[in-house]
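Derivation of every value follows stated rules applied to the coordinates shown; laboratory data play no part. This one's a predicted model, so the numbers in the text were calculated from it and none came from an experiment. Methodologically, a virtual Cβ is constructed for each residue, glycine included, from the backbone with ideal geometry; neighbour enumeration extends over all protein chains shown.
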Amino acid sequence: MRRAEIVTAVLLGFFSVYLMWKSGEPPAWDPDVPRFANIGMIDGEGPGSGFWPFWLSAIMLVSCVWIGINWYRKKSPPSVSEEPFLDSYGKRTLFFVGMGLLGFLILIHIIGFYGGILVFMIYYMRFLGRHGWGITSLVSVSLVVFSFFFFDIAMRIVLPKGYLEPLFIPLYDMFL
Amino acid sequence: MEILLSLFNGILIALEPINLGLAVIGVVVGLFVGAMPGLGSVNGVAILLPFTFVIQSFTGGATSPMIFLAAIYYGAMYGGAISSITLGIPGASTAVATTFDGRPLAMKGMAHVALVAAALASFIGGTVSNVLFTAFAPLLASVALSFGNPEIFALMLLAFATFVGLGGDDIPKTLFSICFGLVLATVGFDIISGEPRLIFFDITGFSHGIRFLVLAIGVYGIGEMIWTINTSRYGSSMSKVDVSWASMIDAMKRFQEAWRGTLIGSLLGFFVGILPAAGATPGSLMSYGVTKMLSKNPKEYGKGAIDGVAAPEAANNSASTGAMLPMMTLGIPGSPTTAVLLAGMVIWGLQPGPLLFTNQPDFVWPLIGSFYVSNLVAVLVNLAFIPVFLWMLRMPFTILAPLIFVLSLVGTYAAYMDMFDVWLMVFVGVGAFFLRILDYPVAPAVLAIVLGPIAEPKLRQSLLLSDGDFSIFFTRPIAGPITVIAIILILLPLFKVIYDKIKGKPAEA
């Protein structure tokens, strides 16, 4: 945990510097404006567009340095903790849940939300939760049916359906 | 006396069978729309606005349609707390602060206490705001108008100041979190100069900015769920939920502990709700911060304080009535939902503004009467449904967890109809999980992303007015004291460190 604390503070410190650099970016349509011209007061316009994010990012950088000092002086709980940042269970959980979510997100682009929900629920309940096929099918299908009627039909919020779109056209004809 | 008579007549009209029926339907619809992640009162009111034309064709006036919409508004305000407490996903932005303590209470097997506290605090917040609305509408509208840019920025500064202590004692991490949220709120196009800002790696999805619910659902839906799975090791830590009558009565008794938060939320929420461009979300977050600051046990907040549920819930209901005030008396909507209601009033041939109370008393008083009736209906319906909501928590965790993941993804898409936001939400959630392991508080970042888009323009417009002179925040009669109080609060942890050093105590980080 101690190493994770300082590595994170350093990474967030670099990110703060990136944000400061990015805040001072001149508008693309006016290449003559120098970088960081927008982080102070502009005559007749008040503070420039980069004023607020630049100085806030600077405070973020100062905070990261402060976190680093606390780490060196062993003043924060993670800086004195001997526990691992993630134990083997945590790594395995993050991997399986993360892969499931990643798969769900990719599937939304291919077979839409409803197909994705079905596959994700089966993956999670059957393979991670070790529930029987009966309860898995019941919950998964019920969730798809409820979501369709709540979002697409009642709330008129059309969720993406990907390649499964043609399957829903008869349902629209029936209920809309 | 005249006001009381008008109100009494208004309540009688609101209690007519057709209007009462519409209020009940509106509350139930609002409750479910509000409880659904990603959807809030604005969705319910906007989607059902066309339906009110059907109501108008039956009833003939604008009163019944408006009662229906107001009931949806109330129901949604109550409903937002349900998913915040039971699932840990904020049902709407107005219920984010409810998650801070509602979720820990549910994790301790005390979801019924949190749900009852939310319902009763909402009722009290709604009632207090209705009384203030009835008695002081024109006066309060003029007070709200006296709040210019420096005053509103000072108020935002005060909100941040109350939240400095939100993340515990780690000041640099809290400071980082607040500033990070504020910077994320600037992503997209600058509304003053029109220049693109912080479009990370030139990804076009960032051009519309990082939306509030993306961050809130990511942090509290995905991040919280991964955290729970990691710490509970798949054991259901919420299975002890008790749904008996005795437990409900006990929960009502325990609500006495929440009087302070309820009172602060009711009053502060109403006032923040009145302010143009503020609304219920800042109102609820500020009430949470102030209640925590004034509490004798601030360390209990975030771990399951009943006051931490009551304050934001009283505030968001109170603010929802408060936001109606400038809409009806000045024609200025205080929130997106009241903007839709304003559109409805205009479509029905009404002219919101200072003359509405004198020219259209037969519309105004039944509407105000319906606020009282809807509020009562909402608390009764909400209390009746609590066993149904608690049933969700009895599900095995291996069913509840994927359900929450699905609702988080669908809710984010439903809110903005953009797949980029869904990807970003998951990314934010995983990032929040890692930061939480290292004790970075995420709640201040959530507050900052709500208040950032309000605070920045107010700061810049104020400095434009003063020609870059920061003394504008100190020299004005309202802004000055608020700014000074905010600065003292911000510096309070530093004073404490210095005091501890002098006293020879070991200083906290």
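Values computed for the structure shown
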quantity: Among B:290-296, A:32-38, the order from most to least packed when residues are scored by Cβ within 10 Å on average; calculated: B:290-296, A:32-38
quantity: Length released on extending from B:Leu294 to B:Thr358, taking residue separation times 0.36 nm less the Cα-Cα span; calculated: 18.9 nm
quantity: FRET efficiency estimate (nearest 0.05) - Cβ-Cβ, A:Glu165 to B:Leu491, R0 60 angstrom; calculated: 0.55
quantity: Spatially near lysine pairs across chain B, Cα under 16 Å, sequence gap of 8 or more or different chains; calculated: 5
quantity: Efficiency of FRET from Cβ geometry, A:Arg92 and A:Leu138, R₀ 25 Å, rounded to 0.05; calculated: 0.35
quantity: Euclidean distance of C-alpha centroids, the stretch B:13-36 and the stretch B:325-372, integer Å; calculated: 19
quantity: Theoretical gain in end-to-end length, B:Phe420 to B:Glu16 [0.36 nm per residue, Cα-Cα removed]; calculated: 140.7 nm
quantity: Cα→Cβ-extended label distance, 7 Å offset, between B:Phe434 and A:Val17, nm; calculated: 1.8
quantity: Qualifying aspartates and glutamates (Cα of each under 18 Å from Cα of A:Lys75; at least 8 residues distant if same chain); calculated: A:Glu5, A:Glu83, B:Asp169, B:Asp170, B:Asp439, B:Asp500, B:Glu508
quantity: Global geometry of the stretch A:88-175, whether rounded, prolate or oblate, following the gyration tensor of its Cα atoms and the 1.5 cut on a/c; calculated: prolate
quantity: Peptide-level mean, for B:397-407, of C-beta atoms on other protein chains within 10 Å; calculated: 6
quantity: Spatial separation of Cα centroids for the stretch B:435-475 and the stretch A:62-128, in angstrom; calculated: 30
quantity: Cα gyration tensor category, rounded, prolate or oblate, for the stretch B:78-128 with a/c compared to 1.5; calculated: oblate
quantity: Span-like helix ranges in chain A, DSSP H, alpha carbon extent 18 angstrom or more, Kyte mean at least 1.0; calculated: A:51-72, A:88-122, A:133-147
quantity: Tensor-based shape of the protein assembly as shown (alpha-carbon gyration tensor, a/c under 1.5 rounded, otherwise prolate or oblate); calculated: rounded
quantity: Order by protection proxy (mean Cβ within 10 Å, highest first), peptides A:40-52, B:62-74; calculated: B:62-74, A:40-52
quantity: Inter-probe distance in nm under a simple model that places probes 7 Å from Cα toward Cβ, at B:Ile347 and A:Asp43; calculated: 5.1
quantity: Difference of contour (0.36 nm per residue) and Cα-Cα distance, B:Ser146 to B:Ala246; calculated: 31.1 nm
quantity: A:Leu102 paired with B:Tyr499, simple spin-label distance in nm, labels 7 Å along Cα-to-beta-carbon; calculated: 5.0
quantity: For A:61-72, mean number of other protein chain Cβ atoms within 10 Å; calculated: 4
